[in-house]
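The values are calculated or read from the model by the stated rules, or taken from the named source; none is laboratory data. None of the values given here were measured: they were computed from a predicted structure. Don't worry about glycine lacking a Cβ; one is built from the backbone with ideal geometry, like all the others, and counts go over all protein chains shown.
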Amino acid sequence: MPRPVVLIGESASKRADYFGKAASLLGVPLDIVSWEEIAKGLNLGRLKGAAVKVDPPVFQTARLSQMKGRLEAYQAALQYLAQASCAFLNPPWAICQMLDKRATNQRLTAHGIPVTEMFPEEIRSVGQLLDVMQEKRCYSVFVKPRYFSGAAGVAAFRLHPGNGKMRLYTSCRLSGGQLINTKKLACQDRRTEIIMLLGQLLSLGCVVERWHPKAELNGKSYDLRVVFQFGHIAHIVARQSSGPVTNLHLNNQAVAFSRLGLKQGMLDVATLICKKACAAYDADPCSRGREPRKEASHIVPGGVNMVGFDLLVEKHTGNLRIIEMNGQGDLIYQDIYGENQIYQEQVRAMKEF
Ligand SMILES: Nc1ncnc2c1ncn2[C@@H]1O[C@H](COP(=O)(O)OP(=O)(O)O)[C@@H](O)[C@H]1O
Ligand SMILES: [Mg+2]
């Protein structure tokens, strides 16, 4: 008997709409459980024995301080869901871990997987940031809230080592002492404003990384979003930008991989890196009890089956580094409005869990 398929998410969302379309095309009944029901203490018995996909809730706030509170509630909800006895497409504990940029970077580093270079220091103030940058002689960095996504609060910061001039690129701004997320990347070079903004940002709890120069196409830099599921690349798209932050909702352009003129071998390297990164979650004590990853099928009920990777292609060498792993990073407009292959493959796999 195939398991019932359940989607946890927001019923009026593109994700639920298109996952639902995939399920009905394949003749698979789908039960949608909303985040509101979970917040009201859903009886986990409803998930018993099911194959379950967990989509993210929608946060309706632009204030970064409020986002932090919502995120904490979300993390708690994921911990609650983790107790359900069902087979998850991606287990809630792993989704939760991938929300933590430091934990992800450390896990991948420990497994010898190439990542962006993250400073080990917990940097809490602008003074400390400047000291660390001087010490490391690293004058271009990314400052990123440790747990946020969608470029919220992501800032690229440059300090001129000679004259001390500063430049900051970010899509958040200060308004009435509050950090507000916008959908437009702006560049600032006024020292006092930069210090105020960075100070607020760092107080939220951030990671700091070396700013790695990205490969370019027609004078604009890009990185790659790879949807990797069941052991293969299901979708790959370049995100091209005239600024240093490439997330697509910031008015950046999606470009077909074939237009980048990269060597074919690059896809094999990307596949290997993504595969190893998914497997880095197998050894976690939280994975105990689930079935082992089978080389032949690539489907692991209860393991990490799908990840949206942000991959950086280094400017001069073409080497790949993982920027981040998104445990729910599978919403690709070109795919849902096209053949809807990503969700169909998930439904097909989940009914076999
Ligand atoms: N260390 C880095 N070097 C160069 N670019 C980076 C670096 N870290 C992030 N970026 C850029 O910023 C974007 C957003 O960063 P990311 O870590 O993916 O945060 P988010 O979770 O908000 O998407 C990346 O897609 C990339 O374009
Ligand atoms: Mg990202």
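Of note:
- Close pairs from the stretch 298-323: first on the phi > 0 side of the Ramachandran plot, partner away from ligand 2 (no atom under 16 Å from the Cβ), Cβ under 7 Å, at least 6 apart: His298/Phe230; His298/Gly231; Gly302/Ala87; Gly302/Phe88; Gly302/Pro91; Gly302/Arg290; Gly302/Glu291; Gly318/Ala215
- Taking the stretch 180-225 as the range and being among the polar types (S, T, N, Q), out of contact with any helix residue (DSSP H, G or I) (no Cβ under 7 Å at 6 or more places or on another chain) and under 15 Å from Leu64 (Cα atoms) as the test, the residues that pass are Thr182, Gln200, Ser203.
- Complete set of residues in the stretch 218-229 that are more than 14 Å from ligand 1 (Cβ to nearest atom) and either modelled with pLDDT under 95 or part of a strand (DSSP E or B) (or both): Val227, Phe228, Gln229
- Index of the failed condition, Asp131 passing every other in (1) within 16 Å of ligand 2 (Cβ to nearest atom); (2) free of Cβ contacts under 8 Å to residues at least 12 places away in the same chain; (3) of a type outside the set (Val, Ile, Thr): (1)
- Yes/no for Phe157 being of a type in the set (Phe, Trp, Tyr) and within 16 Å of ligand 2 (Cβ to nearest atom): no
Residue-wise test of (1) crowded, with 16+ Cβ neighbours inside 10 Å; (2) over 23 Å from Gln229 (Cα atoms); (3) in contact with a strand residue (DSSP E or B) (Cβ under 6 Å, 6 or more places away or on another chain); (4) not assigned by TED's automatic domain parsing to the domain that holds Gly303.
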| residue | (1), (2), (3), (4) |
| --- | --- |
| Pro57 | yes, no, no, yes |
| Thr61 | no, yes, no, yes |
| Leu71 | yes, yes, no, yes |
| Ala77 | yes, yes, no, yes |
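- Every residue from the stretch 55-81 that is touching a residue at least 60 places away in the same chain (Cβ under 8 Å), within 24 Å of Cys278 (Cα to Cα) and not in a helix (DSSP H, G or I): Asp55, Pro56
- Some residue of the stretch 192-212 being in a strand (DSSP E or B), near ligand 1 (Cβ under 10 Å from one of its atoms) and farther than 18 Å from Met325 by Cα: no
- Summed over the stretch 130-151, the residues that are closer than 14 Å to Leu204 by Cα and modelled with pLDDT of 95 or more give a count of 5.
- Residue count for the stretch 19-50, restricted to those that are more than 17 Å from Gln83 (Cβ to Cβ) and in contact (Cβ under 8 Å) with a residue 12 or more places away in the chain: 13
- One residue stands out in the stretch 233-245 among those that are touching a residue at least 60 places away in the same chain (Cβ under 8 Å) and part of a loop (DSSP other than H, G, I, E, B): the one that is nearest to ligand 2 (Cβ to nearest atom), namely Val245.
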